[in-house]
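Encoded as structure tokens, the structure appears first; notes follow it.
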Amino acid sequence: MYYKTMKTLVKTKVIRISETQLATLQKMKSYNIDTGRFIREAIAEKIKREYKDLIPKPKKEYRPF
């Protein structure tokens with residue numbers, strides 16, 4: 001994972017979610033699932049899956065000959 005301890009979690013980011021997403025997170029919380037950890041793991045998984053697309057690609061120079 002991208003985080004090891006709570007000391008590394010020092011930055012905050014405010015996001016907006018839909019009513020359905022909020023209801024889902026509240027339902028998960030009622031099942032004693034840590035929603036903060038769930039969101040962090042989902043973001044880490046997404047970054048890991050699309051890492052090659054996030055790296056800037058070098059531009060090719062046009063060489064006519």
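The values are calculated or read from the model by the stated rules, or taken from the named source; none is laboratory data. All figures in this text were calculated on a predicted structure; none of them were measured in a lab. No Cβ is skipped: glycine too gets one built from the backbone with ideal geometry, and neighbour counts run over all protein chains shown.
See the values below:
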item: Residue satisfying condition, being surrounded by 10 or more Cβ atoms within 10 Å (Cβ to Cβ) and modelled with pLDDT of 90 or more, within set 9, 22; result: 22
item: Residues of region 34-59 classified as more than 11 Å from the chain's Cα centre (by Cα) and part of a loop (DSSP other than H, G, I, E, B), total; result: 6
item: Selected residue (criterion: nearest to residue 25 (Cα to Cα)) from residues of region 42-65 that are surrounded by 10 or more Cβ atoms within 10 Å (Cβ to Cβ) and among the basic types (Lys, Arg); result: 46
